[in-house]
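Presented below is the structure to which this report refers.
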Amino acid sequence: MRLLLFSDVHANATALEAALKACAGHWDRALCLGDIVGYGPDPNEVVDRVRPLVSAIVRGNHDKAVSGASDLDDFNPVARAALEWTRSQLVPENIQYLRDLPGGPLAIDGIALVHGSVNDEDEYVFAPAQALDGILTSPRRVTFFGHTHMQGGFSYDGENVQRIELRPNTGVTLVTLRLEPKTRYLLNPGSIGQPRDGDPRAAFAIANLEQQKVEFWRAPYDISAVQDRMERTGAPEALVLRLAFGR
Ligand code: ZN
């Protein structure tokens, strides 16, 4: 079974379509790690696309906030402005879908899914010291998380937590991580719609546990088309500009 793992689409339909086109035929089941809306210009299109696509999904902090399952006070002014706009655009059916999404961890298909960390769906896991707790308490040996928008993750061999910084170079579509026996993993497929690891291409992963490998993928997309749509909706300039830098 080949599992497509994707996260943080953030209402960027152009990036999502480019990613799906790039990996067409390379996966059997799709799993999403949350934040399908917020920031981007296409909230309804993305919810409509993700809904029938995924066999499992956990909610992100933006999904929660936009649907009223949590409040907007925890967000900075730029993110909050985008969330308020998103809320004004979403049709009631899609707001309900977002409100009903489960929190992680969700154990499925031999792996676990979380948005932030295993023990706190809203926690950002940036450093090895933060990763260890979740690696040890996860219901599965391989756990996928999102939220940081950084492709890569962490491994734990029983002694040390190692950072995994495995990303395809410019012009390269994918790199493969071989899973070592007796090692536990906390892996991030990166963000489809707003990467922050310095590569503006849409990021995602494909896992094949039978073959003990995880592929980290990148797909280029028409960034300026998305920026144009954002400008037309009056999106904060910082959100528009960052797409081109992948920061
Ligand atoms: Zn996000």
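The values are calculated or read from the model by the stated rules, or taken from the named source; none is laboratory data. No experiment lies behind these values; they were computed from the predicted model shown. Note: ideal-geometry Cβ built from the backbone for every residue, glycine included; neighbour counts use all protein chains shown. Calculation scope for accessible area: heavy atoms of the full protein, side chains included, ligands and nucleic acids excluded. Shrake-Rupley method; radii C 1.70, N 1.55, O 1.52, S 1.80 Å.
In Å², and per residue, what accessible area does region 2-242 have when probed at 1.4 Å with the other protein chains present? Accessible area per residue: 41 Å². Split the accessible area of region 182-247 by element, probe 1.4 Å, and carbon with sulfur accounts for 51%.
Listed peptides 127-133, 106-112, 172-178, 6-12 appear in the order 6-12, 106-112, 127-133, 172-178 once ranked by packing, highest mean of other Cβ atoms within 10 Å at the front.
With both bridge residues required to lie in the chain, what share of the DSSP beta bridges run antiparallel, to the nearest 5%?
If I count the DSSP bridges inside the chain, around 70 percent turn out antiparallel.
Short-range pairs are left out: with C-alpha atoms under 8 Å and at least six residues apart, the relative contact order of the chain is 23 percent.
Give the average over all directions of the projected area of the C-alpha convex hull of region 43-86, one decimal, in nm².
3.3
In the chain, helical runs assigned H by DSSP with n ≥ 4 each contribute -39500 (n - 2.57); averaged across all residues and rounded to the nearest 500, the mean residue ellipticity at 222 nm is -9000 deg cm²/dmol. Normalised size of the chain, defined as Cα radius of gyration per 2.2 N^0.38 Å with N residues, equals 0.93. The value obtained for region 72-154, namely the Cα convex hull volume divided by the number of residues, is 122 Å³ per residue.
A straight line joining the Cα centroids of region 140-207 and region 214-247 runs 21 Å. Between E231 and R51, the distance separating the two model label sites (each 7 Å from Cα on the Cα→Cβ line) works out to 3.2 nm.
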